[in-house]
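Asks: Take this structure, written in structure tokens, and hold onto it; I'll ask about it next.
All of the numbers you see were taken from the coordinates with simple rules; none came from a lab. All figures in this text were calculated on a predicted structure; none of them were measured in a lab.
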Amino acid sequence: MKQKLQISLLAYSAIVFISIGQVEVIELQDKHLTEVKTVMATVCHEAFELGESPESFEKELDEMGEFNDLNGAQQVYFGNRGAFLLLIDNNKVFGMGGVKKLTNEVCELKKMWILKEYRQQGYGNLLGSRLESFARKQGYKKARLEFWFPEKQSRVIEVAKAQGFYEIEPYCKSEAKIYMEKSLDT
């Protein structure tokens, strides 16, 4: 699934071309698990001020079971009409996200995290479009996602809305504050 990519984005009713360069989008492999967990903990620590340090927060996440799906990615994602993709730059994981089956017609976009130094460069849109494309090919009709800290995620919530997501009632037991959904019918 490795590809060198260049994408164009629709922004403010004008086409903006963003060069992605040598970034690769690949499926999660066991050899990346440690780095993926570190990226997730780092982003959560920086963005939401969770944990005393990224390292201590990574340990907390592990103890809370937040990595169970990644540790069992074959069963949770790949073996169940799902995917988990990584964004890689010069062999360094800097972003990630997954598609997880909720029902035969509904999936959830999971663990979409991008390191701070790579944000606002089109990589979130790249990752989201690849995940949505995968979900469509799997026959999902709707994609859902949740936001736990909307006061600190206002920009990404606005991007989700611009891409067709709308707020819905909670669809799972979670501490999330906002739940969203998007039709995948083309």
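Asks: For the pairs Lys37/Lys116; Lys59/Lys152; Lys101/Lys137; Lys92/Lys177, note any where the Cα-Cα span goes beyond 21 Å.
Replies: Exceeds cut-off: Lys59/Lys152; Lys92/Lys177.
Asks: Sticking with this structure for a sec: The list (1) 22.1; (2) 17.0; (3) 18.7 gives values of Kirkwood radius over Cα pairs in Å, and only one came from this structure; which label was calculated from it?
Replies: (2)
Asks: Something else now. Below 8 Å between Cα atoms, with a sequence gap of 6+, how large is the relative contact order for the chain in percent?
Replies: 16
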